[in-house]
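Data first, discussion second: the structure below is written as structure tokens.
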Amino acid sequence: MFPGTLGGGVVGRALDKKIWSMDVINIRDFAVNNYGSVDDEQFGGGAGMVMRPDAIGPAIDSIKKTGKIIYFSPRGKVLNQKLVREFVADKDATYTLLCGRYEGIDERILQEYDITEVSIGDYILSGGEVAAQVFVDSCVRVMDNVLGGGSDSTQNESFEIGGLEWPLYTRPSVWRGHKVPEVLLSGHHGNIERWRKQQSDDLTKARRPDLIKENKK
Ligand code: SAH
């Protein structure tokens, strides 16, 4: 599953360039028996299996430098761009990303270790691996020297600008009868900036009024 999507595109190139790195641990290597079991039935009954603490604990203990430990979970703090910026603020940070499977992990793991729970949204995934990839992708792309075009290309994005991004256009200037807005071809930077700001404000008001309230807080 790893590097998965993290092996491609700008994030994959940054991996090749050693701007970031990762070690992957297979929890199955810490299975509690010869069958490779890392899960068991729930105490108290109910459908679905739970990951055993005596498999996850030793897996975590095998890591020399864990840094902050993050467990991906629907009940965690929901990831957003502000949180992403906080996670990358410490340039030398190491993170241990714990990916759950089945119904999740035994609660005692959360008692035993200092763990931050992070959710990537209000829906249920079958495993934490894609959540981990969402997390790493969003963190790496705002790190220095990852995107071309300087810091502008990360600062001019939705959420970074306090709302949603304006509509984007490239060549050809006419496609199937659809024209690129005149102002963008005018070369008038002031007008272009005003147009973009207006588009961004309108879109944000129509689709994500919650972001406007958030900015006023
Ligand atoms: N029983 C849990 C869901 C388990 S889903 C519940 O009802 O809350 C299995 C695993 O997928 C979880 O352990 C977690 O690591 C991952 N996962 C599922 N949804 C997620 C989400 N929205 N954000 C982050 N991780 C998630």
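Summary of values
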read-out: Two-site label geometry, His188 and Asp40: point separation in nm, points 7 Å out along Cα→Cβ; value: 7.3
read-out: Paramagnetic reach from Arg75 in segment 42-68 [backbone N under 17 Å; point 7 Å along Cα→Cβ]; value: 42-53
read-out: Helix-only CD estimate at 222 nm, as mean residue ellipticity for the chain, using -39500 (n - 2.57) per DSSP H run (n ≥ 4); value: -10000 deg cm²/dmol
read-out: Shape call, segment 167-217: gyration tensor on alpha carbons, a/c limit 1.5; value: oblate
read-out: Cβ-Cβ FRET estimate between Arg13 and Ser153, R0 fixed at 22 Å, reported to 0.05; value: 0.95
read-out: Long pairs among Lys82/Lys213; Lys18/Lys64; Lys91/Lys197; Lys77/Lys213; Lys65/Lys91, criterion Cα-Cα beyond 21 Å; value: Lys91/Lys197
read-out: Residue (of Trp20, Gly76, Val136) at the positive-pole extreme of segment 4-140, dipole from beta-carbon charges; value: Trp20
read-out: Overall form of segment 26-130 per C-alpha gyration tensor (a/c, 1.5; a/b vs b/c); value: oblate
read-out: Two-site FRET efficiency, Lys82 against Lys179, from Cβ-Cβ distance with R₀ of 35 Å, rounded to 0.05; value: 0.45
read-out: Gyration tensor (alpha-carbon) shape descriptor, the chain, a/c threshold 1.5; value: prolate
read-out: Neighbour-limited loop hits for chymotrypsin sites (Phe, Trp or Tyr not before Pro), segment 78-176 (at most 11 other Cβ within 10 Å; DSSP other than H, G, I, E, B); value: Tyr123
read-out: Charge sum, other residues only, whose C-beta stays under 14 Å from Asp202's C-beta, Lys/Arg counted +1 and Asp/Glu -1; value: +4
read-out: Ranking of Leu6, Leu83 by count of other Cβ atoms within 10 Å, fewest first; value: Leu83, Leu6
read-out: Highest-fluctuation residue, Arg196, Arg171, Arg101 considered, GNM on the chain with Cα pairs under 10 Å; value: Arg171
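Quick note: the coordinates plus some simple rules give every number you see, no bench work behind them. These numbers come from a predicted model, not from an experiment. Cβ: placed from backbone, ideal geometry, glycine included. Neighbour counts: every protein chain shown.
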